[in-house]
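Accompanying notes for the structure given below.
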Amino acid sequence: MHELGIVFSVADKVLEIARDNDLTEIVAITMQIGEISSVIPDYLKKCFPAAVERSPLFAHTELKIEILPARYLCHSCGESFSLEQFKESGGCPACGEQDFLELLTGRECFIKNIEAY
Ligand SMILES: [Zn+2]
């Protein structure tokens, strides 16, 4: 479970931003997680209280998580498609290509924005 490490690095990053901007309270942190990233959103939320202990700035912080859908690009025909389409057809839904595919989005794990005073 590497979610704890992610939560700590997010907390450190947010504290750095808070220091640079003289923030006194972090209201919410919004993270974007790719649909097929190895990060499990529920674990992130479970681990978050451990990060909260790092600073009083986090006393009332809500962790929000947005899931980014995975999309693939087929380099044979130029079609882009979703994870569901990929699963259904076992490759590119337009031309059937299975190897010459590129994952465009879906592995993200980053801080989208911070609400703070
Ligand atoms: Zn194709």
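The values are calculated or read from the model by the stated rules, or taken from the named source; none is laboratory data. All values reported here derive from a predicted model rather than from experimental measurement. Here the Cβ is made from the backbone with ideal geometry for all residues, glycine too, and neighbour counts use every protein chain on show. The protein model used for the area step is the full one, side chains on, heavy atoms only, and it has no ligands, DNA or RNA in it. Shrake-Rupley method; radii C 1.70, N 1.55, O 1.52, S 1.80 Å.
How about the chain: what cysteines have no other cysteine beta carbon under 4.7 Å from their own?
C47, C109
Where the only charges are on Cβ atoms (+1 Lys, Arg; -1 Asp, Glu), what is the dipole of segment 41-91 about its Cα centre, to the nearest 20 debye?
180 debye
Output the 0 to 90 degree angle, nearest 10, between the alpha-carbon long axis of helix 41-52 and the longest principal axis computed from the alpha carbons of the chain.
Between the helix axis and the principal axis of the chain, the angle is about 20 degrees.
In nm², what is the average projected area of the convex hull enclosing the Cα atoms of segment 14-93?
7.3 nm²
Under 15 Å from the Cβ of Q98, count the other residues' Cβ atoms, weight Lys and Arg +1, Asp and Glu -1, and hand me the total.
-4
Evaluate the relative contact order of segment 59-100 (contact order divided by residue number), counting alpha-carbon pairs under 8 angstrom at least 6 apart; express in whole percent.
The value is 28 percent.
Below 10 angstrom from the Cβ of I40, what's the summed charge of the other residues (Lys, Arg +1; Asp, Glu -1)?
Here the count lands on 0.
Skip the ligands, DNA and RNA, and give the accessible area per residue of the chain with a 1.4 Å probe, whole Å².
It amounts to 59 Å² per residue over the chain.
How far is helix 3-20 tilted off the main Cα axis of the chain, in degrees rounded to 10, range 0 to 90?
For helix 3-20, the angle is close to 60 degrees.
With the contact rule set at Cα under 8 Å and sequence spacing of 6 or more, what percent relative contact order holds for the chain?
Worked out over the chain, it gives 36 percent.
Across the chain, how many lysine pairs, 8 or more apart or on two chains, come within less than 25 Å at their alpha-carbon atoms?
Final tally of qualifying lysine pairs is 9.
Size of the dipole of segment 1-63 about the Cα centre, Lys and Arg at +1 and Asp and Glu at -1 on the beta carbon, nothing else charged, in debye to 20?
Approximately 120 debye in magnitude.
Using a probe of 1.4 angstrom, how much of the accessible area of segment 1-114 is carbon and sulfur, in percent?
Ligands and nucleic acids excluded, carbon and sulfur reach 50 percent.
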